[in-house]
Amino acid sequence: MSGLDESELRAFEESVSTFVTKGDAGKSSPREIWQSVADLGWSSLAISEASGGLESGTSAIAIVARNLGEALLETPFISTGVVASIVLDQAQGSVKDPEHIAALLEKVTTGDVVVGVAVEELFGDPAFVQLELGGSAEKPVLDGRSAFVIDAGIADHLLVPAKQADGTIAICLVSSDADGVTIDPASSSIDGRDVRAVTFEGCRDVRCLGAPCAAIENAGIALRLALSAEAIGIMAALNKMTGEYLKVRRQFGVPLARFQVLQHRLVDMALDEQQSIALVERACNVVDAGSDDAMRMVLISRSFTAKAVRRVAEDSVQLHGGVGMTDELAIGHYLKRALVIGAMLGGIDEDLRLLSEQPQRPWFGDTAPLERTLVQPNPATV
Amino acid sequence: MDERLPATTREKVLAGRPLDKHEHVEWHKILNERGWYTGHWPKSVGGLGWSPMQRWIFENEIYYRGSPWLIPFGVTFAAPIIYTFGNDDQKARFLPAIKSGDAWWAQGYSETGAGSDLANVSTRGVRDGSDWIISGSKIWTTTAHWADMIFAIVRTRASDKPQAGLSFILIDMASPGVSVEPIVSIDGHHHLNQVFFDEVRVPDANLVGEEGKGWGYAKFLLEQERILAAEVGRCALDLDKVKALIAQPRGIRPPLGEQGIWSRRVAELEVRLTALESTALHMLSKEQSGEEIGVMASMLKLVGSELSQEIDAASLDAINDLGLSADHFGDSSAVSPWARPDRFRDGVIGQYLYGRAATIYGGSSEVQRNILSKTVLDR
Ligand SMILES: Cc1cc2nc3c(=O)[nH]c(=O)nc-3n(C[C@H](O)[C@H](O)[C@H](O)COP(=O)(O)OP(=O)(O)OC[C@H]3O[C@@H](n4cnc5c(N)ncnc54)[C@H](O)[C@@H]3O)c2cc1C
């Protein structure tokens, strides 16, 4: 990816921030917000220039995600603007009818098409893919139930992986109103966002985009960074609200902010936010530079930020006391979103498991000083 | 428990779903058939005169076996104050309906301006002949919408020290001028309320003990409740739930319990719960032998509430694997047991969310540490 330079990023940051805070985005439906995002041209950040997109790199994606997080806005950005954009863009090279995909991407860019994405199965262990693709190569048939398809309720198309007879995985694109597709009527996600279970019964209107490939890996990287950045936005909002609350809430004749334990808590919350900012910024740079260290940095970012945002949200509830427990205050809604961010893609445990499987790298320089001694078996145990 | 706890009630408790009022009352009445509902009351007022140890055994046993929370406001909060500090008329008027489970009570302590700083209450009582005219409001009042009566701390006299001048008054919720506004909490349910008193007339006969001594009675209550606040029985049940959750296969995925990290996490929680239980037993035996246990007993609420949150968090993490679309305990029959659209409010997630309050009410963790720090520094 080419990416935006520093000053372009700063200008972009400013316009995104203005969009989420000054406009009427807070009162609009997810689809209306998405239309405004598209009108501003930000729906094609992840699409290559060759396909008519902005190809702006993960730093720009992170800016949008962070601002959406801070304003707690729901819009199909990670499904359509990140994952589907990357997968469809790169699929053009492997399908028989690239014009069809190009036309669809065009509609993604204009905001006319939203794509629901089965993120858990797309980026999880292929052994746990629930859908089956039968029939023949010319006439595929899709069956099964996918439990966690984000934005399926407002989607025009669905992006789902399916297991084929030979055990390999095929990435499938299905029109959401095709025969044999049933989308659960209600969202099941605790943050109230659009996440549906989708059932496929003998669905024949399936376009196969080929096997999972670099596109899926790239989309997974961008998605993890977007979630990390969203977590930063949530921490920023919570830290601001909690700090302000402690300054105005008085007990024992003084503002709560006078109590040193609470000051220390606020400091810990700020440290979580600051470290997350630094990590995600670095990870985006590493990814945009095309480094082979990308996946490792991305896993570190998501696991750190997901843990941090949950801690910050739980502390925000605690420091607000009784009002923090109400549905009326935004704090609880941020907490629920924070929980979902941490639970997606198999959760933090899965990030850490994958991280432990990444190739070991020296911290500094080209070699690790202890490498030799570490791989030496202990003679006592041989 | 096995014979008499209604199956639907037990099922709801095990699934972490809130109960309806009638389900609570039904259970209170069943327990009362054996006198167990008021087992901790002295025999002179119709109880069984249980020792703290007997009560500890009873409560842990029933909560571990899926008993609903015995709503304490009447039977455990109001009643002891009434039978310890009230007069015969008050005992005769209020205790029978509490014991039979017919009267539902609420606790009117907190106000918007008086949370951790409880002595700062501003709800006022002004004498008018043989009545008190009460004005002000109470907040976070659990199940006030079901209540027949509320006990409130009310400022009946101006004084230099905020703790002085407070009185303990029993107010009929049906009195003209009382209104209840619901507060929906983080789990999407209505447990909490704000209660408004607009010149509510309450007979002087409803003021317990001496006028202006309400703070002392409220304190007395807190001291009575310290050891049970550890809630070991409920934690034990919840820890078993974690074990059950990680033992069950997740669709086509193997159980989480097969991962070393999970068995270790559960083992660690078991270690901590056993330490808490031991500390409570240690204090109970000291108390039994007449030794003064002191403020250190409030560590049980502190440690217990924080541990219960970690147990709830473990349950939550155990249902993480398809995002948090799930909210169910113990059903692996569905295609995707985790996707139960209509149920997010209930069960594991609801319990985790509402459980965040355990470190806020009944003396927040910060306030408990403040109190304990004095004792620790004095050693
Ligand atoms: C679910 C729930 C049920 C409840 N049920 C009832 C009920 O039935 N009846 C009733 O009367 N009340 C009830 N309460 C109220 C409860 O007792 C209060 O919420 C509690 O006393 C805290 O007060 P607050 O909410 O005003 O928080 P605040 O006192 O404003 O505290 C906010 C934060 O500041 C911290 N803090 C406050 N003072 C200090 C200090 N000196 N040093 C360090 N930190 C400090 C607190 O620990 C907390 O983290 C309930 C509350 C909840 C959440």
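Every read-out reported here was derived from the displayed coordinates using simple, explicitly stated rules and does not represent laboratory data. Note that the structure is a prediction, hence the values are computed from the model and not measured. For neighbour counting, all protein chains shown are included, and Cβ atoms are generated from backbone atoms with ideal geometry for every residue, glycine included.
Key figures
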| quantity | calculated |
| --- | --- |
| Residue-by-residue Karplus 3J(HN,Hα) for segment A:295-301, coefficients 6.51, -1.76, 1.60, Hz, glycine and proline x | 4, 4, 5, 5, 5, 4, 4 |
| Nitroxide proxy distance, nm - points 7 Å out along Cα→Cβ at B:Lys43 and B:Ala205 | 3.1 nm |
| MRE, 222 nm, helices only [DSSP H, n ≥ 4, -39500 (n - 2.57), over chain B, to nearest 500] | -13000 deg cm²/dmol |
| Of A:Lys107/A:Lys336; A:Lys336/B:Lys374; B:Lys12/B:Lys219; B:Lys161/B:Lys374; A:Lys247/A:Lys336; A:Lys107/A:Lys240, pairs whose Cα-Cα distance is over 29 Å | A:Lys107/A:Lys336; A:Lys336/B:Lys374; B:Lys12/B:Lys219; A:Lys107/A:Lys240 |
| Segment A:158-207 and segment B:72-134: distance between their alpha carbon centers, rounded to Å | 57 Å |
| Three-way shape call for chain B based on the alpha-carbon gyration tensor, with the a/c threshold at 1.5 | prolate |
| Inter-centroid distance (Cα atoms) of segment B:28-59 relative to segment B:171-185, Å | 30 Å |
| Anchor B:Lys99: aspartates and glutamates whose Cα lies under 20 Å away (excluding residues fewer than 8 positions away in-chain) | B:Asp20, B:Glu23, B:Glu26, B:Glu33, B:Glu59, B:Asp88, B:Asp89, B:Asp148, B:Asp172, B:Glu225 |
| Integer Hz, Karplus 6.51/-1.76/1.60 couplings in order for segment B:282-292, x for Gly and Pro | 4, 5, 4, 6, 4, 4, 4, 8, x, 7, 7 |
| 20 Å reach of a label modelled at A:Asp268, 7 Å along Cα-to-Cβ, counting backbone N of segment A:223-242 | A:232, A:234-242 |
| Percentage relative contact order, chain A, counting C-alpha pairs under 8 Å, at least six apart | 15 percent |
| Three-way shape call for segment B:51-126 based on the alpha-carbon gyration tensor, with the a/c threshold at 1.5 | oblate |
| Highest-fluctuation residue, A:Glu70, A:Glu328, A:Glu120 considered, GNM on chain A with Cα pairs under 10 Å | A:Glu328 |
| Interchain or long-range residues, amide H under 5 Å from B:Ala15's placed H | none |
| Relative contact order %, segment B:7-100, counting alpha carbon pairs below 8 Å whose residues are six or more apart | 27 percent |
| Distance histogram for segment B:105-212 (every C-alpha pair counted, 5 angstrom bins, percent rounded to whole numbers) | 2, 14, 24, 25, 18, 10, 4, 2, 0, 0 |
| Relative contact order for chain B, counting Cα pairs under 8 Å that sit 6 or more residues apart, in percent | 15 percent |
| Å³ per residue enclosed by the Cα convex hull of chain A | 180 Å³ |
| Inter-part distance where segment A:279-295 and segment A:1-59 are each reduced to a Cα centre, Å | 20 Å |
| Top of B:Thr359, B:Thr156, B:Thr112 by mean-square fluctuation, Gaussian network on chain B, Cα under 10 Å | B:Thr112 |
| Globularity index of segment B:7-100, i.e. its alpha-carbon radius of gyration over 2.2 N^0.38 Å | 1.12 |
| Built amide H within the under 5 Å cut-off of B:Val178, gap 5+ | B:Asp198 |
| Under 15 Å from the Cα of B:Lys243 - aspartates and glutamates, other chains or at least 8 residues apart | B:Glu258, B:Glu268, B:Glu270, B:Glu310, B:Asp312, B:Asp317, B:Asp331 |
| Calculated FRET efficiency for the pair B:Glu292/B:Met53, C-beta based, R₀ 22 Å, to 0.05 | 0.85 |
| FRET efficiency estimate (nearest 0.05) - Cβ-Cβ, B:Leu377 to B:Ser135, R0 45 angstrom | 0.65 |
| Cβ-Cβ FRET estimate between A:Val261 and A:Asp39, R0 fixed at 35 Å, reported to 0.05 | 0.15 |
| Amide H partners (placed H, <5 Å) of A:Val141, local residues excluded | A:Gly134, A:Gly135, A:Ser136 |
| Residue-averaged 222 nm ellipticity for chain A, from DSSP H runs of 4+ at -39500 (n - 2.57), nearest 500 | -16500 deg cm²/dmol |
| Debye log10 I(q)/I(0) for the protein assembly as shown, one point scatterer per Cα, at q = 0.07, 0.09, 0.11 Å⁻¹ | -0.59, -0.90, -1.20 |
| HN-Hα J in Hz across segment B:58-68 - Karplus 6.51, -1.76, 1.60, θ = phi - 60°, x for Gly and Pro | 4, 5, 4, 4, 6, 5, 5, 8, x, 5, x |
